[in-house]
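Just below is one structure, and these are the notes that go with it.
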Amino acid sequence: LHNNPDKKIILKPNEKLVIQNNQFTMIPGKTITEAFDEDEPIMVLSKVHFQKEDSSATETLWVKNKLGFDGETLENIASKIERWYDVKIIIREERLKSYEYSGVFEDESLQQVMDALKLTGNFNYTINKKEVIS
């Protein structure tokens, strides 16, 4: 930790540390905790999620060139899809953002992934160049 180099976080097997940095903006004169939203924890220690079919952790599937999620909200999945396919996803209906999905995709196109989510989530979407709107 930058502010406390003497402190260390040691993870046990099958644990992960998630650090919230998506809304981080360094403000001169503010500490890290002051720069973050107070309602959101800066760090969360949790267990790694494993796929039922094998012993692969969902969090490390990207190493095997697989896109995976386990009980994640569509809002979180959208962020993963944006990075994976280099697109921007816009979810217009607020209710859809909290829907949870699980799945693993390997070698599927953006349209195939979106079709699978559409079938299970009962929503429509359009792809326009580098933008997906649902």
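None of the figures in this text is laboratory data; all of them are computed from the coordinates on show. Remember, predicted model here, so these are calculated numbers, not experimental data. Every residue, glycine among them, receives a Cβ derived from its backbone with ideal geometry; neighbour counts consider all protein chains shown.
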Phi-derived 3J(HN,Hα) across the range 81-86 with the Karplus relation (6.51, -1.76, 1.60, θ = phi - 60°), rounded Hz, x for Gly and Pro, is 5, 4, 6, 5, 10, 6
Simple spin-label estimate for Ile90/Glu108, 7 Å along Cα→Cβ, in nm, reads 2.4
With DSSP loop assignment and no more than 14 other C-beta atoms within 10 Å, the trypsin sites (Lys or Arg not before Pro) in the range 63-134 are Arg92, Lys129, Lys130
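Which pairs, out of Lys12/Lys97; Lys7/Lys97; Lys97/Lys130; Lys80/Lys129, put more than 25 Å between their alpha-carbon atoms? Mind dumping the intermediate values first?
Numbers: Lys12/Lys97 32 Å; Lys7/Lys97 36 Å; Lys97/Lys130 20 Å; Lys80/Lys129 18 Å.
Beyond 25 Å between Cα atoms: Lys12/Lys97; Lys7/Lys97.
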